[in-house]
1. Taking strands (runs of 3 or more DSSP E) that fall entirely within segment 45-88, which contain at least 2 residues that are under 19 Å from residue 172 (Cα atoms) and in contact with a Lys or Arg (Cβ under 6 Å, 6 or more places away or on another chain)?
2. Out of (1) within 22 Å of residue 44 (Cβ to Cβ); (2) buried (at least 17 other Cβ atoms within 10 Å of the Cβ); (3) over 41 Å from the mean Cα position of the chain (by Cα), the odd one out for residue 154 is which?
3. Among the residues of segment 114-128, write down those that are in contact with a strand residue (DSSP E or B) (Cβ under 9 Å, 6 or more places away or on another chain) and in a strand (DSSP E or B).
4. Among helices (runs of 4 or more DSSP H) lying entirely in segment 134-246, which contain 3 or more residues that are out of contact with any Lys or Arg (no Cβ under 7 Å at 6 or more places or on another chain) and charged (D, E, K, R)?
5. Given the conditions (1) assigned to a loop (DSSP other than H, G, I, E, B); (2) under 15 Å from residue 391 (Cβ atoms); (3) of a type outside the set (S, T, N, Q); (4) touching a residue at least 40 places away in the same chain (Cβ under 8 Å), report the number of the one that residue 311 does not fulfil.
6. Can you name every residue in segment 272-308 that is in a helix (DSSP H, G or I) and either free of Cβ contacts under 8 Å to residues at least 40 places away in the same chain or farther than 13 Å from residue 216 by Cα (or both)?
7. Across segment 116-136, what is the number of residues that are closer than 22 Å to residue 166 by Cβ, touching a helix residue (DSSP H, G or I) at 6+ places or on another chain (Cβ under 7 Å), aliphatic (A, V, I, L, M) and in contact (Cβ under 8 Å) with a residue 40 or more places away in the chain?
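Each reported figure results from applying straightforward, stated rules to the coordinates on display, with no laboratory input. A quick note: this is a predicted structure, and the numbers were derived from the prediction, not measured. Using ideal geometry, Cβ is built from the backbone for each residue, glycine included, and neighbour counts are taken over all protein chains shown.
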Amino acid sequence: MIPRRLLPYLILFLALLGLYAGLSWRQSRQETAKTEAKKIFQVKQGDIGELVLKRGKEEIRLAKKDGEWWLTKPLKMRADPAMVDAMLSTLASMQKERDLGEGDLKTFGLDKPALVVEFAAPGKGGRLVIGNATPGNLGYYAYRDQDSRHLLTINSGNKSSLDRPLADLRDKTIFAYVPAKVKSLQIKIGTAAPVQLEKAASGSWSWKGREKFPVREDRVEELLRFLQTSKVKEFVSDAPKKLAPFGLAPAMGEVEVIQEKKPEKLLLGAKAKGGDYARKAPDGPVVVTDKDLLAQIAKTLTTLEDRRVWRGQAAAVQKVVWGPTDKPWTAVKEKDFWKITGPDKQELKQPAVRLEVGLWKLQALELARPAASAKKPQAKTSSAKPAYVLELLDGSGKSLFRLEELGREKSQEVLVRVKAGDQTDTGLLPPAAYQEWQKEMARLASPPPGPETAPQKKSGQ
């Protein structure tokens with residue numbers, strides 16, 4: 001309960017608070033009114049449906065159709081949405097810097113303007129005529145609509161935002177597909193046989209004609225995202241008379257993406273300025289891409305085979321046994337940690353995330369060569385005791401995966417035998433990746449780092 005002697009002060013405080021709120025609201029309204037009064041055009045960005053840029057005899061026209069902006073003159077093609085939005089935002093928010101009143105148009109370069117911008121919106125339109133730069137190049141002389149007797153100045157940044165060349169306004173998108181909706185990917189590099197990758201309803205990918213070939217699904221998806229985010233760096237020719245100078249007759253590479261909509265096919269040619277010459281089939285303009293698409297596609301094709309030693313899921317693993325055959329470590333999953341027992345019955349606990357890092361690095365291990373072409377172990381090696389073993393088991397004790405280190409090659413590649421389900425393979429692992437994974441597993445045998453203890457004071461301090 002508030003003491004009675006404090007009530008007058010409380011009432012005064014509330015009155016002052018209300019007065020402050022009212023003054024702030026009024027000041028905000030006044031500032032908004034001043035800002036609106038300084039705007040050159042009273043129009044909302046989203047209401048503008050047509051835009052025209054005129055520079056001397058050059059005229060560029062854009063129109064909004066079904067929510068998208070299109071160039072209609074001098075070319076008919078999709079416009080760059082980000083660039084158009086920036087221009088519309090400038091028109092809707094642009095303020096006059098100064099009112100100059102009447103003036104001679106020739107003196108300010110407005111008799112032959114550098115740029116004329118026109119727009120149309122429902123029930124209204126607008127026109128901005130821009131002339132010479134002001135002293136110091138901080139702004140530009142201009143007038144609005146047909147009121148050439150009322151001159152004003154605008155900020156130089158506004159003029160730069162509106163004065164866009166045709167190349168800036170063209171859509172830079174190469175592929176318009178949605179990666180998740182792609183059903184098929186067809187690739188042809190040089191004279192090599194075409195590659196056709198098909199996506200099943202389950203989301204897995206297969207190589208048509210090589211159904212037993214294990215495809216790295218993540219690398220196909222990565223390639224699709226790489227292509228989809230690629231842009232046009234430069235427009236070279238809209239109606240090329242000859243394609244051979246660009247390496248497009250015949251094309252050095254082709255990639256076709258098929259989804260529910262119309263397929264998109266891109267022809268790839270010679271290297272150019274950090275990218276490739278390219279052309280959208282059948283009759284698109286010749287462009288330079290912002291990435292080396294041909295090299296990335298060729299690289300992906302060489303790494304498509306799934307050579308991972310373990311392709312399972314960490315969530316299914318409930319028990320892990322690893323280490324030298326005669327001195328293994330065992331980890332059993334509890335709620336949010338792993339109970340680990342060593343070869344000498346020592347016990348410790350590790351956070352779940354630490355062992356999962358080891359499993360993640362195991363998933364990243366790939367055979368240096370396809371398992372089918374890897375060197376088979378000799379009979380004496382096959383019967384010898386493995387130097388190192390890893391086994392993953394589920395909650396019922398069923399083995400999900402087993403890896404055995406059988407020996408080393410002269411190249412120090414590690415010869416391993418892996419078993420998952422009923423399938424057993426042998427192959428060679430790169431030594432650096434294998435040793436890095438072993439180090440991660442060895443760390444599990446060390447107690448997790450605890451809080452640092454404060455240093456002990458020496459006697460006499």
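1. On the way: elements: 50-55, 58-65, 68-73.
The strands (runs of 3 or more DSSP E) meeting that bar are 68-73.
2. Result: residue 154 fails condition (3) only.
3. Selection gives 115, 116, 117, 118, 119, 120, 121, 125, 126, 127, 128.
4. Because the criterion is at least 3 residues that are out of contact with any Lys or Arg (no Cβ under 7 Å at 6 or more places or on another chain) and charged (D, E, K, R), the helices (runs of 4 or more DSSP H) in segment 134-246 that meet it are 217-228.
5. (2)
6. Across segment 272-308, the qualifying residues are 293, 294, 295, 296, 297, 298, 299, 302.
7. Matching residues across segment 116-136 total 1.
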